[in-house]
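Chemist: Before I ask anything, here is the structure I am working with.
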Amino acid sequence: MDGLGLLANSLFGLLGPWQITYALGATLVGIVIGILPGLSATLGIALMTTLTVKMTPTDAILVLVCVYVGAIYGGSRTGILLNIPGTAANAAATLDGHALALQGRAGRAMGIATTGSVAGSFFGVLCLATLTPLLAEVALKFQAYEFFWLALLGVLMSGSLTGNDPLKGWLMGFLGLLTAQIGLDGIHAQERFTFGSSDLTGGIGLIPALVGAFGFAEILMVMSEPAKKAMINAVDSVLPRIGDVLKYWKTILRSGAIGVFIGILPGVGEDMGAWSSYAAAKRFSPERDQFGKGSIEGMMAAETGDNAAIPGAIIPALALAVPGSAPAAVLMAAMIIHGVQPGPMLMVNQPQFVYDVVAITLVATLCMLVFGLVMVRPLMWVLRVPRAIIMPIVFVLCTLGAYAIASRVFDIWVMLGVGVVCFVLRRQGFPVAPFVLGIVLGDIVDKSLRRGLVLSDGDLTPFFTRPIAGVLAAVAILTVLAQVPAARRIFAKIA
Amino acid sequence: MKLGSDRFFGAGWIAFGAAVLALSWRMDRLEGLHINPWSVPGLLPGLLGALMVLFGAALYLRTPAPDPVGKPEAGASGGRIWLALVLCVGYAAGLLGRGLPFWLTSAGFMFVAILVFRWLDRDAEDPSSMGRIALGSAVIALAASAATSLLFQEVFLVRLP
């Protein structure tokens, strides 16, 4: 009952004219970011973090969550019309979405995208409201040992699942963890890897690093390839249909549950939510031979899964301070910038904020529905703007976004340096998401490891014998061993 | 090609990890402050350096994956990459903060970048004369520069570089 009262209070607080304007404007910006290939939800949130620094925490998070939800939704447009997913999360929906467009049913595909996204997001909001307090209560029992394994597991899982090569993903995760160690250490304020530079003493800023990894690196990736002519034809009715919800309610519920579960897993993200939901729908569907050829059920599953993963990814960010995806990592960093400390104590110290986030995600979902109903056709002009025009403008925004948080020219150099390194590594198959998770979780891993060892006086046993720490340690070790051929052979023999 | 690049990058990770390990080992252990030895600042960086050496060695030694997923996209051109790199780094590291007004520097960068890449991508656009492309690029660059300058300077009160 307390929770419902807090939620009602939060919803009432979002009914002001400015809040509605922020929500609609930010969702629209998010949709445009999602539509533009090369611009990701992570970059959108990172850039908007800069612009929202002077807002109140709730207004700032309102803007950022709306950009997040809008971007994941908007990316399906590009996938349907151009066969290029606007964001990685829309790759699964592109399979059937573009097939429907080739059959002259692009509008129908967009309607399904709206239905699936809204249904998935609503399901996710319900889980966000109910699971966050439960998880936070469990996490109150966590000590340094559990936080060490949880944060390390986030980096390892992100490395295993976000790229195609776990070894490269883990190396990127370690690089991110190391990047977070630059500057003053969190326990003794001792300088690490500063080489006498006063700029490095302050550490590598998360936002400049993120803008470099997801902005500059992506701009270089996009600009390195010749543009292809956009073929956008007239589309049929784009309105979502209630009949689709009634017909595919089982798929929606299953995909919503899978999306939320994948979202909660540390560092995995929306794209895996979409692919897992798509795979499950294909397995259980009587029309599985239609998947990939324009299946409405397949498209519904993918879009429900990726949007349900958004609130799912916010759950551990709020309750454990371990984000479920790269965009949620930036969102969590933005909360910290605004003086909100996510983690188990958030539910104790600022329970209203948790329900603010639930209400904000609900409002973002409603805004997405509004734009899905009225702005589909006008938004298609965005696809006609040549990327040669968009990318230089985005680069100027990236430069300003990196600089504006602290007004330091050094942050522009960080953005450039991280961007070039990530560009080179991405071209060799090294994924960027584990690097970002590593930067966000580096401080927790470092402090938890040293605090745990101090508490146990150097004894490693509690890292493995405490019940939750033991389970997390086993999962983390198995995550790595499962990729070692010799270990896999042993597991197969045991099975 | 994949094997070669994995070996090259594997060797790079080994060298980088070894350097991190060495720097962590030499990091001040604050013995003079009588801190708990398990809380030395170089502990995690040293472990990460060791893990990079280990995993870098695995990357160096392993058989290449059959699916070259990390391969650059077909059509990616070295010339375009260098052009984008020179323009972006030249603007952000070479011009910004050197005394020129932000709006002028940004407008100049956007004009050149938009013009050059629209010309390179001219096959993907509707046919248009070079003069029209140049005029359009100049208008867009000036408008975008003015909008971003005003937004950040006047609305968000950022002192522009």
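The values are calculated or read from the model by the stated rules, or taken from the named source; none is laboratory data. Keep in mind the model is a prediction, meaning the values are calculated, not measured. Every residue, glycine as well, gets a Cβ built from its backbone with ideal geometry; the counts of neighbours run over all protein chains shown.
Chemist: Looking at segment A:296-308, I want the residues that are within 10 Å of A:S277 (Cα to Cα) and touching a residue at least 24 places away in the same chain (Cβ under 8 Å) and have a partner that is among the acidic types (D, E) and not in a helix (DSSP H, G or I) with Cβ atoms under 9 Å, at least 6 apart or on another chain. Which pairs are those?
Modeler: That search, which allows pairs on different chains as well, returns A:G298/A:E287.
Chemist: In addition: Quick check on my filter: what residues within segment A:391-410 are within 23 Å of the chain's Cα centre (by Cα) and under 23 Å from B:L83 (Cα atoms)?
Modeler: Within segment A:391-410, A:M391, A:V394, A:F395, A:L397, A:C398, A:T399, A:L400, A:G401, A:A402 qualify.
Chemist: For segment B:73-80, indicate whether the set of residues that are facing chain A (nearest Cβ under 8 Å), touching a residue at least 24 places away in the same chain (Cβ under 8 Å) and closer than 28 Å to A:L425 by Cβ is non-empty.
Modeler: Yes: one or more hits.
Residue-by-condition table, conditions (1) assigned to a helix (DSSP H, G or I); (2) hydroxyl-bearing (S, T, Y); (3) crowded, with 24+ Cβ neighbours inside 10 Å; (4) in contact (Cβ under 8 Å) with a residue 12 or more places away in the chain:
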residue	(1), (2), (3), (4)
A:I33	yes, no, yes, yes
A:M48	yes, no, no, yes
A:T58	yes, yes, no, yes
A:C66	yes, no, yes, yes
A:Y73	yes, yes, yes, yes
A:I80	yes, no, yes, yes
A:G104	no, no, no, yes
A:F122	yes, no, no, yes
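Chemist: How many residues are touching an Asp or Glu at 6+ places or on another chain (Cβ under 8 Å), touching a residue at least 12 places away in the same chain (Cβ under 8 Å) and farther than 30 Å from A:L441 by Cα when one looks only at segment A:261-289?
Modeler: The qualifying residues number 2.
A quick yes/no check of all residues on (1) charged (D, E, K, R); (2) closer than 26 Å to A:A88 by Cα; (3) under 18 Å from the mean Cα position of the chain (by Cα):
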position	(1), (2), (3)
A:G124	no, yes, yes
A:A129	no, no, no
A:V138	no, no, no
A:P166	no, yes, no
A:G169	no, yes, yes
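Chemist: Would you confirm whether or not segment A:206-225 contains a residue that is facing chain B (nearest Cβ under 9 Å), without any contact (Cβ under 8 Å) to a residue 12 or more places away in the chain, within 30 Å of B:F117 (Cα to Cα) and among the charged types (D, E, K, R)?
Modeler: yes
Chemist: Under 9 Å by Cβ, and 6 or more places apart or on different chains, what pairs join a residue from segment B:145-161 that is at the interface with another protein chain (Cβ under 7 Å from one of its Cβ atoms) and farther than 11 Å from A:L51 by Cα with one that is of a type outside the set (A, V, I, L, M, F, W, C) and part of a helix (DSSP H, G or I)?
Modeler: Note: pairs meeting the criteria are B:T148/B:S106; B:R159/B:Q153; B:P161/A:T399; B:P161/A:Y403; B:P161/B:T105.
Chemist: So the check is Cβ under 8 Å with 6+ separation or different chains; which pairs have a first residue in segment A:168-184 that's more than 7 Å from chain B (Cβ to nearest Cβ) and a second one that's charged (D, E, K, R)?
Modeler: Listed by first residue and then by second, the contacts come to A:A180/A:D443; A:A180/A:D446; A:I182/A:R192; A:G183/A:E191; A:G183/A:R192; A:L184/A:E191; A:L184/A:R192.
Chemist: Which one is farthest from A:V424 (Cα to Cα) among residues in segment B:36-58 that are within 7 Å of another protein chain (Cβ to nearest Cβ) and of a type in the set (A, V, I, L, M)?
Modeler: B:L43
Chemist: Mind counting the residues in segment A:420-441 that are more than 8 Å from every other protein chain (Cβ to nearest Cβ) and buried (at least 24 other Cβ atoms within 10 Å of the Cβ)?
Modeler: Of the residues in that region, 12 qualify.
Chemist: Right, next: Tell me, please, whether a residue that is in a helix (DSSP H, G or I), among the aromatic types (F, W, Y) and under 20 Å from A:I439 (Cβ atoms) can be found in segment A:168-176.
Modeler: Within segment A:168-176, one or more residues are in a helix (DSSP H, G or I), among the aromatic types (F, W, Y) and under 20 Å from A:I439 (Cβ atoms).
Chemist: Kindly indicate whether any position in segment A:376-399 is modelled with pLDDT of 90 or more, out of contact with any Leu (no Cβ under 9 Å at 6 or more places or on another chain), buried (at least 17 other Cβ atoms within 10 Å of the Cβ) and more than 13 Å from chain B (Cβ to nearest Cβ).
Modeler: No, segment A:376-399 contains no residue that is modelled with pLDDT of 90 or more, out of contact with any Leu (no Cβ under 9 Å at 6 or more places or on another chain), buried (at least 17 other Cβ atoms within 10 Å of the Cβ) and more than 13 Å from chain B (Cβ to nearest Cβ).
Chemist: If you take the residues in segment B:18-35 that are at the interface with chain A (Cβ under 7 Å from one of its Cβ atoms) and more than 28 Å from the chain's Cα centre (by Cα), which one is farthest from B:M52 (Cα to Cα)?
Modeler: Among those that are at the interface with chain A (Cβ under 7 Å from one of its Cβ atoms) and more than 28 Å from the chain's Cα centre (by Cα), it is B:I35.
Chemist: Would you confirm whether any residue within segment B:117-140 is at the interface with chain A (Cβ under 9 Å from one of its Cβ atoms), of a type in the set (D, E, K, R) and under 15 Å from A:L400 (Cα atoms)?
Modeler: No, segment B:117-140 has no match at all.
Chemist: Which condition does A:R489 not pass, out of (1) surrounded by 21 or more Cβ atoms within 10 Å (Cβ to Cβ); (2) in a helix (DSSP H, G or I), if it passes all the others?
Modeler: (1)
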